[in-house]
Amino acid sequence: MFNSKYLNELFEATKQRNNSQPEYLQAVEEFFEAMDFIVCNDPKIEKYAIMERIIEPERIVKFRVTWVDDKGVVNVNRGYRVQFNSAIGPFKGGIRFHPSVNESILKFLGFEQTFKNALTGLPLGGGKGGSDFDPKGKSDDEIMRFCQNFMLELYRHIGPDTDVPAGDIGVGFREIGFMYGIFRKIKNENTGVLTGKGLTYGGSLVRKEATGYGLCYFVSEMLKVYRNDNFEGKTVIISGSGKVGMHAALKTQELGGKVIAMSDVNGYVHDENGLDLNIVKMLTELAPEFTQQYLEFRPSAIYNSNPTNMWGIPCDIALPCATQNELPLEGAQKLVENGCILVAEGANMPTTIDATKYLQHADILFAPGKAANAGGVAVSGLEMSQNAQHYPWSYAEVDQKLEIIMSDIFRKAYSEARKYTDHRNLVVGANIAGFMRVYQAMLDQGII
Ligand code: NDP
């Protein structure tokens, strides 16, 4: 499968040791494919077991979370923190609350996070955490009790120089606030141990917008460099309407693009004249699922109850911003058939491996999540700097830094792609650029 015998043997062994973890194996396979040439040409990687070490988390903490719901019923969930790699800085990565959360999903996310964080140029290692708790339909009190009990265990394993979690699916300002409050109470310290905090207690301006805005800054760079073009007049479809999707939509519109479809778990809405984002924003702020309600405000829009069918809508740009493996091969084929020119991943690993390959072979511009969605963690890194300095920066300052970081990530991925393969292959470029920084740090620090 790979040209490197070492990688083939290691991947077989990894499959056997982790045979019930498909998402983790998918992320490792994609990474090994991108790394094949480098590994074949650098014997130190095998000699120092760099690949064996880099694919194995430094530590996984798994714990019970017990909490009482509004009816007085005692509930038990599983909590996790995967501390993947701290070679270049404290572990850093979001916390996800979703019923699908398990070790495989958190390992794939922590693994990808390691390279994403390296690409930002900031001193941030990789990690991820979460719980199979479902926040949907829970009262604020229930969310608070769950978050407090989750942190009652997690606090032992994190710290501003050890591990700094943030939000992800199902974890936003409200959840971060509850977790930060109990951490501060237990530890009697006001250090920036979480990012994505509220602005009244150490949060950074632009953090909530950062992943979606950063994605659009990255796409702007791609359009400029590869096509001497920009967002102006482009039709854009976006899956997911959460923190990432919503802010990607708003920035798309600000840059002159037209968002013609968006989705949630219940389906998608499509309006070829452009969705009214004020209505989408208002509805998603009231409840996460907005698609059906949108028709009450704009009856001329089209609703479809299968979110995956959205990939069949003709568009110039597609931004998958919901969850892993949401863009399958059939979706990629539809996008190509309908003349899409660019796909950029706002979510983590939303495109299946076969769909990614199909898009690349069809010569569609493709941006992998570990580069394109790094804006969120980049501004989290800036939030850590502001907390350490005890001094907040202005909106314009953070936004400008975000734009520079995203442009820089694009340049790094582009230049490695050009050096090692086709200059359009940002999957290889981003993996190599992220890997090189972690690899060098691991080599310098000896065998640990
Ligand atoms: P949110 O929970 O805020 O939003 C997720 C959105 O995706 C919701 O609108 C949800 O719909 C929707 N969704 C879930 N499954 C599907 C599906 N199968 N089809 C269509 N829509 C779906 O999460 P975030 O926006 O924070 O995260 C989204 C993705 O971006 C994740 O992969 C995350 O790991 C990644 N990411 C997030 C970062 C961040 O800063 N938040 C940083 C980098 C990456 P509903 O509300 O109906 O459930």
>> Net charge within 11 Å of Ala332 by Cβ-Cβ distance, Lys/Arg positive one each and Asp/Glu negative one each, not counting Ala332 itself?
In response: -1
>> Could you tell me which residue out of Asn278, Ile88, Ile341 lies farthest along the dipole of the chain toward its positive end? Charges go on the beta carbon: Lys and Arg +1, Asp and Glu -1, centred on the Cα centre.
In response: Ile88
> To the nearest 10 Å², what's Val206's accessible area with a 1.4 Å probe?
Replying inline: 0
> If one computes the Cα centroid of segment 363-421 and of segment 125-150, what distance in Å separates the two points?
Replying inline: 27
> Tell me, how many Å apart are the Cα centres for segment 274-328 and for segment 1-42?
Replying inline: 36
>> Can you show me the helix-derived [θ] at 222 nm for the chain, built from DSSP H runs with n ≥ 4 at -39,500 (n - 2.57) apiece and divided by the number of residues, rounded to the nearest 500.
In response: -15500 deg cm²/dmol
>> Nearest 5 percent is fine: what portion of the DSSP beta bridges confined to segment 59-193 is antiparallel?
In response: 70
>> I need to check one value: relative contact order of segment 311-374, counting alpha carbon pairs closer than 8 Å and at least 6 residues apart, in percent.
In response: 36
> Whose amide H sits under 5 Å from the amide H of Arg96, counting only residues 5 or more places off or on another chain, with H placed in the peptide plane?
Replying inline: Gly129, Gly130, Ser131
> Size of the dipole of segment 59-193 about the Cα centre, Lys and Arg at +1 and Asp and Glu at -1 on the beta carbon, nothing else charged, in debye to 20?
Replying inline: 260
> For segment 5-54, what log10 I(q)/I(0) values come out of the Debye formula at q = 0.14, 0.19, 0.27 1/Å, with one point per alpha carbon and no solvent?
Replying inline: -0.33, -0.59, -1.11
>> With a 1.4 Å probe and all protein chains kept in place, how much accessible area does Ile302 have, in Å² rounded to the nearest 10?
In response: 90
> Where the only charges are on Cβ atoms (+1 Lys, Arg; -1 Asp, Glu), what is the dipole of the chain about its Cα centre, to the nearest 20 debye?
Replying inline: 1020
> Under 5 Å between amide H atoms, partner at least 5 residues away or on a different chain: which partners does Asn102 have, H built in plane at 1.01 Å?
Replying inline: none
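The values are calculated or read from the model by the stated rules, or taken from the named source; none is laboratory data. The structure displayed is predicted, hence computed values, not measured ones. So basically every Cβ, Gly included, is an ideal-geometry build from the backbone, and we count neighbours across all protein chains shown. Ligands, DNA and RNA are excluded from the accessible area calculation, which covers all protein heavy atoms including side chains. Shrake-Rupley method; radii C 1.70, N 1.55, O 1.52, S 1.80 Å.
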